[in-house]
Amino acid sequence: MDRAPSVVAQAAVSGTVLPAPLPLLGRGGWAAFLLALIAVCALAPVLNLVVPPDSPFHMGEYAVALLARIMCYAICALAMDLIWGYTGILSLGHGLFFALGGYVMGMYLMRQIGRDGNYKSDLPDFMVFLDWKALPWHWQLSDSFVATCVLVVAVPALVAFVFGFFAFRSRIKGVYFSIITQALTYAAMLLFFRNETGFGGNNGFTDFKRILGIPLQTPGMRMTLFVVTGLTLLGFFLLARWLVNAKFGRVLQAIRDAETRVMFSGYNPVGYKLAIWTLSAAMCGVAGALYVPQVGIINPGEMSTAASIEIAVWAAVGGRATLIGPIVGAFLVNGAKSWLTVSAPEIWLYFLGGLFIVVTLFLPDGVAGLVRKLKRNAA
C-alpha cells in the first residue's frame, strides 16, 4: 500500500505556501538571552565572591538568596504560562507540584544530616521524636542524589498525569477545573500536615546541613545553587519557546481559542492537554527542588491556596502567552513583596489584591502587553 502524501507534498500540489518555521529567538532575543547568561554565570559570582564586602558593588548574601528564590518562582510562572496562557487551562493547584518537588529534595537533605542532628541518630530528628524505629517505605531511595533528581521530576509529573488523565477525559474545563485543582492541593496539604505520613507534619523539613557532602552554608555552594537555578530558568525558557513555536504549540493555542473546532479538524485535545499539563507540573517540581536547599525549609504551607493563586497572579501581571512576561511578573511581584513585607507588612495582601484587579481591568495583556502597545505607539 502506498503511503499517503505528506503535508508538504500536498501543499506543493495545491500551490499552498506553508508558513516558515519560526526562529527560536530573534537577534534581539538572543542578545538578551546572552546578557542574562552572562549575568547569571559571570557577573553575579564576581560581585558576590570577588568584590570586597565593603564595596558598593558587592552583592550580599541576602540579594543572592532573594534573587535565587525569585528565579524559582519564575520557573513556576513560566510553567503556568504554558498551560494558562497558551492552552487556556487555569490551574489553582500548581503549588502542590512545587511542594512535591521540594519535599523530594527535602527528604534527601534530611538524610544528608546523618548523625549531626539533635538526637545523633541515623533517622531524621522528627522521626526520633515520634519514636519511629525505621524509615518508612517512601524514604528508601532518599539517600541517593541520582534517585532524588529522578523523583523530583517523576513524582509531580506522575501525580499531574493521573489527575489530568481523568479530568481531561471527562472534559472538565474552565472554572470547574480550577476549583478541582484547588481542592486537590488543599487535600494534599491536609495529608502532609499529619505526622504519621512521614513528612514532618506542621514543621516539615529544616535544619539542612549539606548536599552531596558539601556544606550548604558556604558562599561557594550558595552561589553554585544560584547559578544552577539561573541556568535552569534559562533552559526552561528555551524549551518553552521551542514548544510554542512548533506545531505542538500551535495546536495548544488552537485548543485555547476553539477546542471544539480542533476536535472537528481531527485532533484529539486530550493528549495535547495532558502532555503540556504534565510538563508544567514537572517544571514546578524542579523549581521546588531548587528552592528548598536555598531557603532551608519546606512545609505544607507551600501547598496553601494562596501560594497557588500567587503563581497565577505572576503570570497575569507579566502577560500571558508571552513566556517572558510571567518571568518579569514573578520578579516584579516578589520584589514588591520583599520590600513591602519589611516596610509595610500590613498592606502587602491589599497591594497584591489591588494589583490583580488593576491588571485584570486595565492591563489584560499584562506588563508585556503594555510594553508592546507603547512600542507600537512610538513607531
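The values are calculated or read from the model by the stated rules, or taken from the named source; none is laboratory data. Given the structure is predicted, the values throughout are model-derived calculations rather than measurements. Because the Cβ atoms are built from the backbone with ideal geometry, glycine has one as well, and the counts that use them run over all protein chains shown. Areas reflect the complete protein model, heavy atoms only, side chains present, ligands, DNA and RNA absent. Shrake-Rupley method; radii C 1.70, N 1.55, O 1.52, S 1.80 Å.
For the range 161-198, a residue qualifies if it is outside any helix (DSSP H, G or I) and either modelled with pLDDT of 95 or more or open to solvent by 70 Å² or more (accessible area, probe 1.4 Å) (or both), and the qualifying residues are 170, 171, 173, 194.
Here's the yes/no breakdown for (1) within 25 Å of the chain's Cα centre (by Cα); (2) at pLDDT below 95; (3) on the phi < 0 side of the Ramachandran plot:
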residue: 7; (1), (2), (3): no, yes, yes
residue: 11; (1), (2), (3): no, yes, yes
residue: 24; (1), (2), (3): yes, yes, yes
residue: 31; (1), (2), (3): yes, no, yes
residue: 37; (1), (2), (3): yes, no, yes
residue: 42; (1), (2), (3): yes, no, yes
residue: 48; (1), (2), (3): no, no, yes
residue: 56; (1), (2), (3): no, yes, yes
residue: 62; (1), (2), (3): yes, yes, yes
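From the list 114, 88, the one residue that fits, being small (Gly, Ala, Ser) and more than 21 Å from residue 297 (Cβ to Cβ), is 88. Among the residues of the range 328-339, at least one is under 30 Å from residue 33 (Cα atoms), open to solvent by 40 Å² or more (accessible area, probe 1.4 Å), without any contact (Cβ under 8 Å) to a residue 24 or more places away in the chain and assigned to a helix (DSSP H, G or I).
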